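Here, each number is a calculation from the coordinates, and none is a lab measurement. Treat the numbers as computed from the prediction; the structure is a model and nothing was measured. Here the Cβ is made from the backbone with ideal geometry for all residues, glycine too, and neighbour counts use every protein chain on show.
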Amino acid sequence: MGSVIDYEDDRTYTYYLNNLQVEMDSICMPAAQINMLATVYMVGVGIGAFAFSWLPDYFGRRATLIYCGLVTVPAQLAMTYWPDYYTKLVCFALIALFFINKTVCFNYMFELTDS
C-alpha cells in the first residue's frame with residue numbers, strides 16, 4: 001500500500017515506502033517555505049555569532065559545548081519529527097542561534113590533541 005501525493009497541476013505520484021517523510025508531507029514543501037527556512041537559519045547564525053560569541057570566554061569551552069548541546073539536540077529532534085511548519089521554523093531558528101556550539105567543538109577538539 002503506497003502513499004499518494006496529488007499536486008496542483010494534476011500530477012499524481014505514488015510512494016510505496018511508508019516512511020516518516022511521506023506521512024508528514026515534508027517531501028513536497030512549497031518553495032517559499034524552503035526559502036524561509038534557509039533565510040531564518042542564516043539570520044539566526046549571524047545573530048548567534050555576534051550575540052553568543054562571548055559564551056566560551058565567560059563560561060569556558062566545555063560548559064558552552066554542553067549548554068549549547070542541551071538546546072540544539074532537543075531542537076533538532078523536535079524539528080525532525082514535528083509535522084507543523086511553524087514549529088520547525090522556531091526549532092530551526094534555535095539551532096541557528098546556538099550554532100556557536102559547532103564552532104566551540106571544533107576549537108575544543110584542536111586543543112585536546114597533542115600535535
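The residue of region 74-106 that is farthest from residue 30 (Cα to Cα), among those that are assigned to a helix (DSSP H, G or I) and of a type in the set (D, E, K, R), is 102. Number of residues in region 37-61 that are surrounded by 13 or more Cβ atoms within 10 Å (Cβ to Cβ) and assigned to a loop (DSSP other than H, G, I, E, B) equals 2.
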